[in-house]
Amino acid sequence: QDSPGTEDLRELIATELIAARARTAALTDCVEEPDLTAQHSPLMSPLVWDLAHIGNQEELWLLRNVGGRDPMHPEIDPLYDAFEHPRAERPSLPLLPPHEARAYAHEVRGRVLDLLASSPLEGPPLLTDGFAFGMVAQHEQQHDETMLITHQLRQGPVALTAPAPPPAPADAAALPAEVLIPGGPFRMGTDTELWALDNERPSHELELADFLLDTTPVSNAAYQRFIADGGYQEPRWWTPEGWEHRTRAGLVAPLFWSREGGQWLRRRFGAVEPVPGDEPVLHVSWYEADAYARWAGRRLPTEAEWEKAARYDPVSGRSRRYPWGDQAPGPEHANLGQRHLRPAPVGSYPAGASPYGVRQLMGDVWEWTASDFRPYPGFRAWPYKEYSEVFFGPEYKVLRGGCFAVAPVACRGTFRNWDYPVRRQIFAGFRTARDPERR
Ligand code: AVJ
Ligand code: FE
């Protein structure tokens with residue numbers, strides 16, 4: 001990717017910071033004070049914590065580290081350090097009340113826009129290509145996704161609304177179930193993506209064998225067949241840890257599903273509706289995705305397979321930024337950015353398909369992969385080891401592709417997300433893969 005000129009970069013940064021704040025405001029202005037300070041789930045922070053944490057990280061990285069300014073309120077730093085207090089503890093901290101949290105984030109932002117106007121956007125690595133600004137815009141958008149998860153977990157009437165995604169295109173029903181991705185060399189990760197985070201770097205070549213990948217994410221209808229076939233009652237589909245967890249947690253269906261009068265219903269942002277068969281399945285753990293794949297005679301794709309399917313251009317042999325090419329995501333490519341508060345039907349977004357014809361790799365639902373979260377060869381923690389490095393290891397599984405709640409600035413073919421294999425509150429689904437039959 002070519003580096004944009006300084007003025008274009010300033011404009012891009014300002015646009016991204018403003019877009020993130022508009023989303024933050026939408027997520028925090030739509031409920032009253034008690035809903036901002038309450039803890040809706042022990043898995044999540046109160047919304048008012050995310051709000052002040054967004055401002056605090058922006059102050060830390062931009063005003064203090066880039067701008068060399070003194071801390072505005074050093075006494076609040078420990079409250080908003082994610083490593084000092086686990087989420088479950090945060091409601092009992094003396095957090096800034098909503099009006100103070102808003103005023104703090106607003107004050108920081110005003111000073112950041114002043115700093116941006118006078119920053120050279122080159123020189124020290126943190127400033128090069130406006131990296132710290134891009135990181136902060138991504139960080140706010142990541143917390144906007146986190147806050148949307150909190151909204152989904154919240155009990156009570158609907159607070160957020162958005163138009164439904166477009167209906168499935170005419171060819172959706174006739175798509176091949178899977179496509180062959182031929183083996184060969186593939187360059188994974190990036191050295192050039194403008195604001196790629198440390199765990200996406202460096203790029204490195206690897207060799208993959210032929211594999212077949214689902215054309216679309218697994219649908220609710222397909223997942224209901226797994227349930228109806230007794231998939232949750234059959235240990236042979238599950239890993240030992242998965243079965244143990246399934247049993248202890250009493251899993252029988254995706255999170256937020258309930259059974260009424262022979263029909264599966266699902267709660268979504270305060271409304272209850274029949275589970276739509278043609279939507280990608282959402283709110284399943286890695287263990288459930290893995291069990292489904294085994295039941296279907298398949299497996300989850302590895303992270304490298306997923307990225308090859310999303311980025312490899314068989315004509316040039318090059319890895320591209322997105323399945324459709326190098327252009328930034330538009331509304332025709334993918335369901336991103338909380339434009340819609342649900343995934344689009346399977347088979348949507350033909351303009352966002354990869355060269356091999358794989359659809360919806362970006363947006364809609366995060367996709368669980370088979371892979372543990374590990375550093376790439378040559379990884380260097382940057383600019384802080386608490387972003388990625390402290391999470392590397394076998395206890396986290398990688399998710400790829402972003403979901404409807406992810407902003408374009410925090411989504412690309414190289415972007416890596418990770419979570420525990422038991423987690424279901426995240427907007428995660430999956431697609432499956434298999435090896436070709438040997439003959
Ligand atoms: C990349 C989504 C796993 O929310 O824990 C936010 C992103 N890091 N603030 C998370 C993040 C620091 C992170 N995930
Ligand atoms: Fe954070």
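The values are calculated or read from the model by the stated rules, or taken from the named source; none is laboratory data. Bear in mind that the values here come from a model prediction, so they are computed numbers and not experimental data. For neighbour counting, all protein chains shown are included, and Cβ atoms are generated from backbone atoms with ideal geometry for every residue, glycine included.
Observations
- Close pairs from the range 141-163: first touching a residue at least 40 places away in the same chain (Cβ under 8 Å), partner outside any helix (DSSP H, G or I) and within 14 Å of ligand 2 (Cβ to nearest atom), Cβ under 8 Å, at least 6 apart: Thr146/Met44; Thr146/Ser45; Ile149/Met44; Thr150/Met44; Thr150/Ser45; Leu153/Met44
- Here is the figure for the range 142-190: residues that are touching a Lys or Arg at 6+ places or on another chain (Cβ under 7 Å) and either closer than 30 Å to Ser203 by Cα or within 16 Å of ligand 2 (Cβ to nearest atom) (or both) total 5.
- Figure legend. Inter-residue proximity from the range 117-132: first residues on the phi < 0 side of the Ramachandran plot, second residues β-branched (Val, Ile, Thr), beta-carbon distance below 7 Å, spacing 6+ or different chains. Indicated pairs: Ser119/Val66; Glu122/Thr128; Leu126/Val66; Leu127/Val66; Ala132/Val66.
- The residue that is farthest from Lys397 (Cα to Cα), among those in the range 267-299 that are among the hydrophobic types (A, V, I, L, M, F, W, C) and surrounded by 24 or more Cβ atoms within 10 Å (Cβ to Cβ), is Val281.
- Filtered residue count, the range 364-413, keeping only those that are among the basic types (Lys, Arg), more than 15 Å from ligand 2 (Cβ to nearest atom) and in a loop (DSSP other than H, G, I, E, B): 3
- Selection count where residues are over 22 Å from the mean Cα position of the chain (by Cα) and either within 16 Å of ligand 1 (Cβ to nearest atom) or part of a helix (DSSP H, G or I) (or both), scope the range 31-55: 5
- Test: residue in the range 299-308 that is within 24 Å of the chain's Cα centre (by Cα), outside any helix (DSSP H, G or I), among the hydroxyl-bearing types (Ser, Thr, Tyr) and more than 30 Å from Gln155 (Cα to Cα): yes
- Residue check, Ala433 closer than 19 Å to Asn220 by Cα, surrounded by 23 or more Cβ atoms within 10 Å (Cβ to Cβ) and more than 16 Å from ligand 2 (Cβ to nearest atom): no
- Among residues of the range 232-252, those that are surrounded by fewer than 19 Cβ atoms within 10 Å (Cβ to Cβ) and of a type in the set (Gly, Ala, Ser), counted: 2
- Pairs, first loosely packed, with under 15 Cβ neighbours inside 10 Å in the range 88-102, second of a type in the set (D, E, K, R), C-beta under 8 Å, six or more apart: Pro97/Glu33
- For the range 174-188, a residue qualifies if it is touching a residue at least 24 places away in the same chain (Cβ under 8 Å) and under 28 Å from Ser348 (Cβ atoms), and the qualifying residues are Leu175, Pro176, Ala177, Glu178, Val179, Leu180, Ile181, Pro182, Phe186, Met188.
- Exclusive hit being crowded, with 20+ Cβ neighbours inside 10 Å and more than 16 Å from ligand 2 (Cβ to nearest atom), set Ile18, Ile54, Ile13: Ile13
- Qualifying position, being within 16 Å of ligand 2 (Cβ to nearest atom) and over 24 Å from Glu193 (Cα atoms), among Pro42, Pro46, Pro34: Pro46
- Of the candidates Gly134, Gly130, the single residue that is surrounded by 15 or more Cβ atoms within 10 Å (Cβ to Cβ), among the small types (Gly, Ala, Ser), away from ligand 2 (no atom under 16 Å from the Cβ) and in a helix (DSSP H, G or I) is Gly130.
- A single member of Thr150, Thr146 is β-branched (Val, Ile, Thr), in contact with a Leu (Cβ under 7 Å, 6 or more places away or on another chain) and within 22 Å of Glu33 (Cβ to Cβ), and it is Thr150.
For every residue, the table says whether it meets (1) of a type in the set (Ser, Thr, Tyr); (2) modelled with pLDDT of 95 or more; (3) within 21 Å of the chain's Cα centre (by Cα).
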{"position": "Val108", "(1), (2), (3)": "no, yes, no"}
{"position": "Leu126", "(1), (2), (3)": "no, yes, no"}
{"position": "Gly130", "(1), (2), (3)": "no, yes, no"}
{"position": "Phe133", "(1), (2), (3)": "no, yes, yes"}
{"position": "Thr146", "(1), (2), (3)": "yes, yes, yes"}
{"position": "Pro157", "(1), (2), (3)": "no, no, no"}
